[in-house]
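Since the structure comes first, as structure tokens, the remarks are kept for the end.
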Amino acid sequence: YYNMEGSRHKDFCEIFGPEKIGENIGPFVDDFLVRKVMSSETFLRKAGNTMKALSEWLQANGYLEGDCAAVAIKRSTNAAKNLPRAEKAGRLLWTQIRATYGLFGSSKVSESGYMDITKIMDGKLWVRPIGGKEIGPIDVNPKVTELLEVGWEINLGLVKEGGKWEIAELGSIYPH
């Protein structure tokens, strides 16, 4: 319906009622806000808080019940707390990458893709590519390691120079 022309075009809220919002809060805060919304820490915090308030309103008015309400509220609360931290960590990593590799990263990337953060120490990061072996330590700004958490997902391009891993490219950071 979204791609239809004229009066046949419909948006989400014209097709579905409020009962569909709860099951879509997770994808909205965990993926859409991370991948599609280029915004400030302040905006991301407000977006998470707004989704929490919406979830609580939906629950209070009988549109969300039980586990669905609890999950929507928890995911929104976590988004308000963690999305700004991920955004700040991403900005710090981007600054580090640009200082080393410039605007376009490196053509020598030896490992890239979505990776789980498996270990964090002051100024050092370990990651595991999906289905791969743990990589690390990777030297990062110590402020970055204060912001990230084990279990979060990060999209990286890594270079191995002189036996050391370095981040040469950065996509998004997904706080789970």
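The values are calculated or read from the model by the stated rules, or taken from the named source; none is laboratory data. Given the structure is predicted, the values throughout are model-derived calculations rather than measurements. Positions of Cβ are generated from backbone atoms using ideal geometry, with glycine treated the same way; all protein chains shown enter the neighbour counts. Heavy atoms of the whole protein, side chains included, go into the accessibility calculation; ligands, DNA and RNA do not. Shrake-Rupley method; radii C 1.70, N 1.55, O 1.52, S 1.80 Å.
Rounded to the nearest whole Å², what accessible area per residue is found for the chain with the 1.4 Å probe?
Details: 10340 Å² over 176 residues.
With the other protein chains kept in place, the chain gives 59 Å² per residue.
Quick check: convex hull over the Cα atoms of region 60-176, volume per residue in Å³, rounded to an integer? Don't jump to the answer; show the numbers that get you there.
Numbers: hull volume 14.2 nm³, N = 117.
Considering the Cα atoms of region 60-176, their hull volume per residue is 121 Å³.
Positive-end ranking of Trp94, Ser39, Leu58 along the dipole of the chain, with charges on Cβ about the Cα centre, is headed by Trp94. Given a 1.4 Å probe and the protein chains all in place, what does the accessible area of His9 round to, in Å² to the nearest 10? It works out to around 60 Å².
Ranked highest first by average number of other Cβ atoms within 10 Å, how do 145-152, 48-55 line up? Before the final figure, lay out each step's value.
On the way: 145-152: 16.2, 48-55: 18.6.
Result, highest mean Cβ count within 10 Å first: 48-55, 145-152.
Since only Leu158, Ala80, His176 are under comparison, the one whose Cα sits farthest along the positive direction of the charge dipole of the chain, derived from C-beta charges on Lys, Arg, Asp and Glu, is Leu158.
For region 102-174, which whole percent of the accessible surface, found with a 1.4 angstrom probe, sits on carbon and sulfur atoms? Percent of accessible area from carbon and sulfur atoms in region 102-174: 49. Adding -39500 (n - 2.57) for every DSSP H run of four residues or longer, then dividing by how many residues the chain holds, sets the calculated 222 nm ellipticity at -13500 deg cm²/dmol. Here Lys124 is the anchor, and the aspartates and glutamates within straight C-alpha reach of less than 14 Å, apart from those fewer than 8 places off in the same chain, are Glu134, Asp139, Glu146, Glu149, Glu166.
Using only Cα atoms, tell me the angle between helix 66-101 and the longest principal axis of the chain; keep it within 0 to 90° and round to the nearest 10. Relative to the chain, helix 66-101 is tipped by roughly 30 degrees.
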